[in-house]
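Heads up: the structure comes next, in structure tokens.
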Amino acid sequence: MGGNVNQVEPVLDARYFHKGLSPKHVVGMHFAAKMITGYDGKAAAPFNRFYIGGENDIRGFQIWGISPVAYVPSSASVTVLNNDGSPRQQRFVDPSTGTVSLTNVTQSVPSYQLVFPGGDMASWANFEYRIPIVGPVTLALFLDAGVDRLVRTDQLQLNPANIEQLNSEFPEASFKNRALVAAGTQALRSSTGLELQVLMPVVNAPFRIYFAVNPNRVTENLIPPLAANRSYFPNSATYNSAVSQIGQPLPFDEQLTMFRFTVGRTF
């Protein structure tokens, strides 16, 4: 219809229910998978990418808290140091008052910026064993597991003009027009726990309180790629200081447990 987005998004969703150990018990199973991609030289819209986590898929994680982590080309300003590690300073004259002061010298260097772009392939499975307690009250034992991955990195394209500008300013960096994915953040996540469901007749949906434990979660330090080499800096002191700043590991520690209440079913 003349739009600027070409994308396809196939989705598979299957559910199965069966009686449990008692005729009143219910075993429920659910599997979902989806993928999104652009075609004809265009990428899928960024706001249509996948984020999972929360009461609708993997209950032990924050809502939309599961996404691949990636790094995109950028630049950073770092302080220039003397050989002894002290800040290098220069005179600065305030044009409005004529006041002279000393300011730290800085320089721009190539770097990578952390982003959460969302995945282009997500799949998850849910298992519940539902036990009626009394009236509209049901206790459910559950197990959820799933992944959210960035499979087609060529679809995660950046602004070509920005990449061209960065490469003209920092030719040695040789930035590519794509993001770099932190592989550990695409791992399988899972959660298991207990859920108390109270069916509300007016809305015909259960009010739920659940507690979940996450045996599979990401707990690591994310270390950004280093785009700036030693040749960018006037001395070793400035280089070491810049590396500790733009290459500083970021602790990424997903929580072990989750307690939440909500309305509606996971499946």
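Brief remarks on what is shown
- Taking each residue of region 1-15 that is at pLDDT 90 or above and β-branched (Val, Ile, Thr) and looking for partners that are surrounded by 10 or more Cβ atoms within 10 Å (Cβ to Cβ) and in a strand (DSSP E or B) with beta-carbon atoms closer than 8 Å, six or more apart or interchain, yields Val8/Thr37; Val11/Ala32; Val11/Ala33; Val11/Lys34.
- For region 137-159, the set of residues classified as buried (at least 19 other Cβ atoms within 10 Å of the Cβ), more than 18 Å from the chain's Cα centre (by Cα) and either under 18 Å from Val181 (Cα atoms) or of a type outside the set (A, V, I, L, M, F, W, C) (or both) consists of Thr138, Asp144, listed by residue number.
One line per residue, one yes/no per condition, for (1) in contact with a Ser or Thr (Cβ under 9 Å, 6 or more places away or on another chain); (2) modelled with pLDDT under 95; (3) under 25 Å from Lys34 (Cα atoms):
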| position | (1), (2), (3) |
| --- | --- |
| Thr99 | no, yes, no |
| Ala125 | no, no, yes |
| Leu158 | no, yes, yes |
| Leu180 | yes, yes, yes |
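- Residue in region 59-69 that is surrounded by 14 or more Cβ atoms within 10 Å (Cβ to Cβ), assigned to a strand (DSSP E or B), charged (D, E, K, R) and in contact (Cβ under 8 Å) with a residue 12 or more places away in the chain present: no
- Of the residues making up region 1-58, those that are polar (S, T, N, Q), closer than 27 Å to Glu254 by Cα and outside any loop (DSSP other than H, G, I, E, B) number 1.
- Residues of region 166-197 that turn out to be of a type outside the set (Asp, Glu), more than 23 Å from the chain's Cα centre (by Cα) and loosely packed, with under 14 Cβ neighbours inside 10 Å, as a count: 4
- Flag for Ser123 being among the small types (Gly, Ala, Ser), in a strand (DSSP E or B), under 19 Å from Thr238 (Cβ atoms) and in contact (Cβ under 8 Å) with a residue 24 or more places away in the chain: no
- Residue match in region 89-108 (condition: touching a Leu at 6+ places or on another chain (Cβ under 6 Å) and either of a type in the set (Val, Ile, Thr) or without any contact (Cβ under 8 Å) to a residue 60 or more places away in the chain (or both)): yes
- Residue in region 39-54 that is surrounded by 15 or more Cβ atoms within 10 Å (Cβ to Cβ), within 23 Å of Leu180 (Cα to Cα) and polar (S, T, N, Q) present: no
- Restricted to region 221-250, and to residues there that are farther than 14 Å from Thr106 by Cβ and touching a helix residue (DSSP H, G or I) at 6+ places or on another chain (Cβ under 6 Å), the residue that is surrounded by the most Cβ atoms within 10 Å (Cβ to Cβ) is Ala227.
- Between Arg91, Arg130, the distinction of being assigned to a strand (DSSP E or B), charged (D, E, K, R) and surrounded by fewer than 13 Cβ atoms within 10 Å (Cβ to Cβ) belongs to Arg91 only.
- Residues located in region 144-174, provided they are closer than 30 Å to Phe61 by Cβ, assigned to a helix (DSSP H, G or I) and among the charged types (D, E, K, R): Asp154
- Which listed residue, of Val80, Val105, is at pLDDT 95 or above, crowded, with 18+ Cβ neighbours inside 10 Å and farther than 30 Å from Met258 by Cα: Val80
The values are calculated or read from the model by the stated rules, or taken from the named source; none is laboratory data. All values reported here derive from a predicted model rather than from experimental measurement. Neighbour counts run over all protein chains shown; Cβ positions are idealised from the backbone, glycine included.
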